[in-house]
Amino acid sequence: MALADTRFETRRRKLSSQLAAQRIDDMLVTHLTHVRYLSGFSGSNGALLVSKDRTAKIATDGRYTTQIAEEVPDIKATIARATATELLSQVTEGHRVGYEADFVSVAELKRLEDACPEGVTLVPVSGVIEGIRLFKDNLELTRLTEAAELATQALEELVAAGELRAGRSERDIAADLEYRMRRLGAERPSFDTIVASGPNASKPHHQAGDRLIAEGDLVTIDYGMHRLGFNSDMTRTFAIGEIGQLEREIYEVTLASQLAGVKAATAGTALVDVDKACRDVIEEAGFGEYFVHSTGHGVGLDVHEAPSAAQTGKGDLKEGMTLTIEPGIYIPGKTGVRIEDTLIITSGKPRIITKYPKELTVL
């Protein structure tokens with residue numbers, strides 16, 4: 001427990017330094033993912049107040065009295081239903097208090113303003129905690145790797161059991177995969193499992209439905225495991241029996257694009273250039289109009305988080321970041337392919353933690 005506590009304190013200290021630099025006295029953290037990141041508390045109601053002097057206060061309601069004492073032994077908790085306003089009421093007069101502008105609704109901001117002690121000023125803050133979260137520590141990288149390995153095992157078991165085959169529905173396959181992830185330790189899927197077959201594979205975010213898989217289909221499976229607070233994300237596309245020339249061609253182009261993206265994803269490379277490495281391959285093959293989304297995103301406590309490898313991406317990759325590489329080709333009404341890995345950016349080649357084979361698998 002002491003090791004985990006030190007990590008949370010270190011993160012709060014980084015935030016405190018950022019606050020001091022922006023002339024903010026305290027930061028009211030209400031986004032539950034950030035509360036967990038900075039304290040370890042995983043309940044469904046909580047708020048955290050981090051001050052520039054490196055002190056912190058935390059609050060939750062009576063349902064979590066025991067849990068917060070176990071998960072956050074280094075901060076004495078206040079027990080109150082209205083956690084954010086309770087912490088705000090404890091702020092020293094004259095302080096400037098930051099709030100998470102990206103996660104506070106208009107109605108919630110009004111409640112905070114009404115609860116502000118006299119002389120306290122609320123200041124919108126954006127991107128500060130997300131900037132700290134960009135760089136994963138060893139514990140985070142371990143958790144992410146474990147989730148990816150177990151999710152990969154679930155897919156391996158699904159295929160080995162013959163559950164991905166013609167005649168079965170997308171919905172049944174998704175349910176079988178999620179069941180196997182649960183058996184391996186998942187608390188839940190990272191997101192709604194995508195099983196997209198035949199013409200449905202042309203929809204990047206198709207939800208698993210009642211369509212029965214048929215011979216000659218491409219089947220795209222995009223899925224992830226949420227375990228111990230962290231997520232995995234991987235996509236593979238399978239062939240069911242003999243596929244057509246178009247299906248085989250777009251698979252090979254997508255694979256070449258994905259491999260180019262992985263090769264480009266090194267420390268110091270601009271995120272727009274990672275996206276361009278994938279996009280160039282698909283455009284040169286004549287399918288550029290069918291690559292309709294960005295190349296990748298970070299993975300951590302959220303399954304979609306910074307950084308973003310896109311045509312509008314900002315900044316460079318750095319050691320300690322995570323990034324997915326997931327190009328795709330989607331031909332409306334016909335078929336589609338996506339291949340995705342999650343990478344850890346290192347001082348050398350990126351480390352791929354989603355290790356299911358990418359060569360075309362025919363079932």
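The values are calculated or read from the model by the stated rules, or taken from the named source; none is laboratory data. Note that the structure is a prediction, hence the values are computed from the model and not measured. Heads up, the Cβs are rebuilt from the backbone with ideal geometry, glycines too, and the neighbour counts pull from every protein chain shown. When the accessible area is computed, the model is the full protein with side chains, heavy atoms only, and any ligands, DNA or RNA have been set aside. Shrake-Rupley method; radii C 1.70, N 1.55, O 1.52, S 1.80 Å.
Quick notes on this one:
- Any hit, the range 160-175, residues being touching a His at 6+ places or on another chain (Cβ under 6 Å) and either open to solvent by 60 Å² or more (accessible area, probe 1.4 Å) or assigned to a helix (DSSP H, G or I) (or both): no
- Flag for Asp192 being free of Cβ contacts under 8 Å to residues at least 60 places away in the same chain, surrounded by fewer than 20 Cβ atoms within 10 Å (Cβ to Cβ) and part of a loop (DSSP other than H, G, I, E, B): yes
- Top-ranked residue of the range 332-341 - restricted to ones that are under 12 Å from Asn200 (Cβ atoms) and outside any loop (DSSP other than H, G, I, E, B), ranked as farthest from the chain's Cα centre (by Cα): Thr335
- Test: residue in the range 340-357 that is open to solvent by less than 20 Å² (accessible area, probe 1.4 Å), out of contact with any strand residue (DSSP E or B) (no Cβ under 6 Å at 6 or more places or on another chain) and in contact (Cβ under 8 Å) with a residue 40 or more places away in the chain: yes
- Residue check, Gly336 surrounded by 16 or more Cβ atoms within 10 Å (Cβ to Cβ) and either farther than 22 Å from Ala160 by Cβ or touching a helix residue (DSSP H, G or I) at 6+ places or on another chain (Cβ under 9 Å) (or both): yes
- Candidates are the residues of the range 206-253 that are under 19 Å from the mean Cα position of the chain (by Cα) and among the β-branched types (Val, Ile, Thr); the one that is surrounded by the most Cβ atoms within 10 Å (Cβ to Cβ) is Ile221.
- Being surrounded by 15 or more Cβ atoms within 10 Å (Cβ to Cβ), more than 17 Å from Thr322 (Cα to Cα) and over 24 Å from the mean Cα position of the chain (by Cα) is a condition met by no residue of the range 124-133.
- Selection of the range 176-189 for residues being in a helix (DSSP H, G or I), open to solvent by 10 Å² or more (accessible area, probe 1.4 Å) and touching a strand residue (DSSP E or B) at 6+ places or on another chain (Cβ under 9 Å) yields Glu178, Arg182.
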